[in-house]
Structures are given as structure tokens and as C-alpha cells.
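Encoded as C-alpha cells, the structure appears first; notes follow it.
The values are calculated or read from the model by the stated rules, or taken from the named source; none is laboratory data. This one's a predicted model, so the numbers in the text were calculated from it and none came from an experiment. As a convention, Cβ positions derive from the backbone with ideal geometry for all residues, glycine included, and neighbour counts pool all protein chains shown. Protein only, heavy atoms only, side chains kept; ligands, DNA and RNA dropped before computing areas. Shrake-Rupley method; radii C 1.70, N 1.55, O 1.52, S 1.80 Å.
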Amino acid sequence: METGYERVRAHDGGEFDAFCARPAGRAPGIVLFQEIFGVNDNMRGLAIRLAEAGHLAIVPDMFWRIQPRFERKDESGLTDGMAMLQKLDWGLAERDMTSVLAHVRGMSSCTGAVGAVGFCLGGSLAYLFAAGARVEGRGPDAAVAYYGSGIHQMLDRADSIDCPMLFHYGAQDPYIPADQIDAVEAAVGERFVVHRYPAGHAFSNWDAPSMYDEAAANLAWDRTLAFFAEHLRS
């Protein structure tokens, strides 16, 4: 396996970093979208786990226009992370995600199939990626959103998603109440799969001990890998 940083060219001429973990040989690509803590050890660790499972994983720095390489570790960085989130330009972020899609599909080590998975902020970004990122008319081939707290506010974009999608939520999430999850499920449940776990927010983040729920994290991860195996390798 190789790990390192890629430089991705933005639509408006700038460049930004993306951590990359790649297995030997050609592999399906997966764009991994960060939490509000930035591209940190947890995100790099998840990228390596995806590469170990046979995927070319790339984690773009979605805060690059505000503070390149911003990185915090756990709950202690919530205030800083929320401040970054308030400054995020969602329109530009969607354009940057399209640039990432083009970059991954253009990598010689990518088979051409590209999926996405995101956590917290990244869950909402993965949803937008599925809805709006198109390169020569083609979007991602599959997407997974973990506890995307903004998705219920963007359900008008659901009809634009033309790839399989999987949603993971914690049923005890204090930041995403049950009625918001209900709204997502009502909007997408006939087309996509929505899973709920007896866990809280950020249950997959092993670097945030007060949030991490190992049983829920392992089950959701197994389902995620099976989902990508089905939709990116056929």
C-alpha cells in the first residue's frame, strides 16, 4: 500500500490537498469526506482501512479555502470545527467535490468506478456529491452517508441522486433528532437503505471516546464495505 498527498486542481485554478491511500494495482476509487475535525488521524485511518479492503481512497481537504490542512482530533476541537463549518461555502464545496471526482477518475490506479463515504459534515457532503457531482454527465457510482446532520435540509436534492445510496444514523444522536431521520427516510426510503443504530452521534469515530460505539461502528462498516463491493466491483 502507498499513502501520501495528492494535489487536486480546482475549477477556478487553485489547488488543494487530498490524502490518498492506494493498494497495489488498479482499484475502484472512494472519496472519503471529513468530519468537522478536518483530515485528521481518524480520516487517514479510515482511508487506510478502505485501501486494505481493496479501494483507492482519497480524502480531500474540504476546508482548504478557509484554512488549508486544518486538523483537530476529538471533542476538544468542536468549537474550532464548528467555526470552520460556519465559514464553508457550500456552493464552492460542491464545485470542489466535482473536481475531486474528475481527479480520481483520471488516476491511472483507478478502475473508473468511484464511490463516496462521509461522516458527520462529510455525510452531508457525500449526499451532495451523489446529487450534484457530474463529470461528462457521469456522477459517482455509489455513496454512503454517516449521520449527515444537514441532509434533512437538502431533501429537495434527493431526486437528483442516480446512484445507489446507504444512510447510517444513531438513534440516540443528540444533534440529529428522530424526526429529522424520519424525514430523510420518508424522502429516500423507497429508493435507498436507511439504517439506525442504538448509538449517538459520531459513533464511528474511535478518536472521540465519548462518542465512539464499537458495536455500531463495526456493523455499519461491514455494511459499508459490502455495499461498495456490490456496487463498485460489478
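A few comments on the model shown:
- Scanning the stretch 172-199 for residues that are farther than 17 Å from Arg157 by Cα and touching a Gly at 6+ places or on another chain (Cβ under 9 Å) yields Gln172, Asp173, Pro174, Tyr175, Ile176, Arg196, Tyr197, Pro198, Ala199.
- Residue match in the stretch 67-76 (condition: in a loop (DSSP other than H, G, I, E, B), crowded, with 19+ Cβ neighbours inside 10 Å and under 16 Å from the mean Cα position of the chain (by Cα)): no
- Selection within the stretch 176-206 - assigned to a loop (DSSP other than H, G, I, E, B) and in contact with a Phe, Trp or Tyr (Cβ under 8 Å, 6 or more places away or on another chain): Ile176, Phe192, His201, Ala202, Phe203, Ser204, Asn205, Trp206
- All conditions in (1) in contact with a helix residue (DSSP H, G or I) (Cβ under 9 Å, 6 or more places away or on another chain); (2) open to solvent by 20 Å² or more (accessible area, probe 1.4 Å); (3) farther than 18 Å from Phe129 by Cα hold for Gly81, with the sole exception of (2).
- Remark: pairs (first residue in the stretch 208-224, of a type in the set (Asp, Glu) and outside any helix (DSSP H, G or I); second residue open to solvent by less than 50 Å² (accessible area, probe 1.4 Å) and modelled with pLDDT of 95 or more; Cβ separation under 9 Å; 6+ apart in sequence or on different chains) = Asp213/Gly170; Asp213/Tyr197; Asp213/Ala199; Asp213/Gly200; Asp213/Phe203; Asp213/Ser204.
- Within the stretch 84-127, being aromatic (Phe, Trp, Tyr) and either open to solvent by 10 Å² or more (accessible area, probe 1.4 Å) or under 17 Å from Ala47 (Cα atoms) (or both) holds for Trp90, Phe119.
- Only one of the listed residues (Val144, Val104) is in contact (Cβ under 8 Å) with a residue 60 or more places away in the chain and in a helix (DSSP H, G or I). That residue is Val104.
- Residues (more than 26 Å from Leu78 (Cα to Cα), open to solvent by 10 Å² or more (accessible area, probe 1.4 Å) and in contact (Cβ under 8 Å) with a residue 60 or more places away in the chain) located in the stretch 11-41: His11, Asp12, Arg22, Gly25, Arg26
- Members of the stretch 178-212 that are under 27 Å from Lys73 (Cβ atoms) and open to solvent by 50 Å² or more (accessible area, probe 1.4 Å): Pro198, Trp206, Pro209, Ser210, Tyr212
- Residue list for the stretch 24-63, restricted to those being over 20 Å from Met84 (Cα atoms) and not hydrophobic (A, V, I, L, M, F, W, C): Gly25, Arg26, Pro28, Gly29, Gly45, Arg49, Glu52, Gly54, His55
Listed here are the residues, each with its yes/no results for (1) of a type in the set (A, V, I, L, M, F, W, C); (2) modelled with pLDDT of 95 or more; (3) farther than 23 Å from Ile30 by Cβ.
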{"residue": "Ala131", "(1), (2), (3)": "yes, yes, no"}
{"residue": "Asp141", "(1), (2), (3)": "no, yes, no"}
{"residue": "Pro198", "(1), (2), (3)": "no, yes, yes"}
{"residue": "Asp207", "(1), (2), (3)": "no, no, no"}
{"residue": "Phe228", "(1), (2), (3)": "yes, yes, no"}
{"residue": "Ser234", "(1), (2), (3)": "no, no, no"}
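- In the stretch 163-175, the residues that are touching a strand residue (DSSP E or B) at 6+ places or on another chain (Cβ under 8 Å) and either part of a loop (DSSP other than H, G, I, E, B) or of a type in the set (A, V, I, L, M, F, W, C) (or both): Cys163, Pro164, Met165, Leu166, Phe167, Ala171
- Only a single item in (1) of a type outside the set (Val, Ile, Thr); (2) without any contact (Cβ under 8 Å) to a residue 12 or more places away in the chain; (3) crowded, with 24+ Cβ neighbours inside 10 Å is not met by Glu136, and it is number (3).
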